[in-house]
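Comments concern the structure below.
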Amino acid sequence: MQRNDVTRRIERDIYDLLQWNKPVRSAATLVLIVGSILLTRSYSLLQLGAALFTVAIGLNLVYVTFIIQTQKVFSESSETIHPYRGVISNKEQLTTVDKRLVHHYSSLFVDVAETLIRALARIVFIEDTMTSVKWFGIFYVTWAISAHLSSRTIILIFVISAFIFPRLYMSNKGIVDSHLMQGEALMKEQMNNCQEFAKENMGNAYAKTRAYFARVGTSGTDAKNSMANTSAAIKKEE
C-alpha cells in the first residue's frame, strides 16, 4: 500500500499543526475544536444554529434600520440606499455555487478518507508489528474507558493530548527516544518469548496427540488380534 503525494502532504500538515510549527494556526485550531466539543455537550446543533441565525438577523436588523434612518435624517433626498443593496441585487452571484471550490473540497475529503483507510489497513493487516501493537493498546484503552466516560469527553481528551504530547516530545526528544527504545526492545523480547513459549507448547501438544493416537491405534490392533486368536481357538476346539 503505497502512499501518494496527497497522503504525504496531509500527514505533513497534520504534523506541523500538532507540533506547533505555526503557533497561531495551531492555537486557533485547538480553541475551535475544543470550543465546538464543549458547546455541543451543552447545546444541540439545532440550538446552536438557531442561536447563530437569531444573532445574525438581530444585528443586521439594528444595522440596516440605523443606516436607513440616518439617511432619512441627514440626506436631502428622500430616497434611501439599502446597505446590502449590492449583495441583494446581484442574485446570480448570491446563489451561484463556485464549482471549482466544491470540487476542491470534495477532492480533499476523498483524499483524507483514502489516507485514513490506508492507515487503518496498515494497522489492521499488521504491516509493522510494533505499530499495530501500539494502536492495539490505544484502541483497547479507549474501549475500556468508554464504559465510564462519554464519547465527547474521550474525544476532548484525545484532542488536547494530540496537541500537547507532540510538543512535549520535541522538547524532550532525546530522553523520550531512549525510553521508547528501551520499551520497544523489552516488548520485542517479551513477544519473542511468547512466540517461543507458544511454539514449544504447540510442539509438546502435537507430540502428545500423536502418541495418544498411536497408543489408541496399537490398542485397537491388539484387540483385533486377540479377538482373531480367540475365534481360531474356538474353531479348533469345535
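Please give the FRET efficiency for Ala207 paired with Lys134, using the beta carbon to beta carbon distance and R0 = 41 Å, rounded to the nearest 0.05. Show your work: numbers first, answer last.
Numbers: r = 36 Å, r/R0 = 0.88.
After rounding, the FRET efficiency stands at 0.70.
Rounded to the nearest 20 debye, what is the charge dipole size of the range 90-198 about its Cα centre when +1 sits on each Lys and Arg Cβ and -1 on each Asp and Glu Cβ? The partial results should precede the final answer.
Working: 10 positive and 10 negative charges, 91 e Å.
The dipole magnitude comes to about 440 debye.
Modelled label-to-label distance, Ser42 and Ala147, 7 Å Cα→beta-carbon offset: nm?
Distance between label points: 3.2 nm.
Pairs to check: Lys188/Lys208; Lys134/Lys188; Lys134/Lys199. Give those whose C-alpha atoms are more than 22 Å from each other in this structure. The partial results should precede the final answer.
Working: Lys188/Lys208 30 Å; Lys134/Lys188 12 Å; Lys134/Lys199 24 Å.
Distance filter (> 22 Å) returns Lys188/Lys208; Lys134/Lys199.
If I take R0 = 45 Å and measure r between the Cβ atoms of Asp111 and Glu200 in this structure, what FRET efficiency does the formula 1/(1 + (r/R0)^6) give, to the nearest 0.05?
Details: r = 48 Å, r/R0 = 1.06.
Efficiency at R0 = 45 Å is approximately 0.40.
What is the Cα centroid distance between the range 128-197 and the range 1-67, reported in whole angstrom?
28 Å
Values quoted throughout were computed directly from the atomic coordinates according to the rules given, and no laboratory measurement underlies them. Values in this document were obtained by computation on a predicted structure and should not be read as measured data. Using ideal geometry, Cβ is built from the backbone for each residue, glycine included, and neighbour counts are taken over all protein chains shown.
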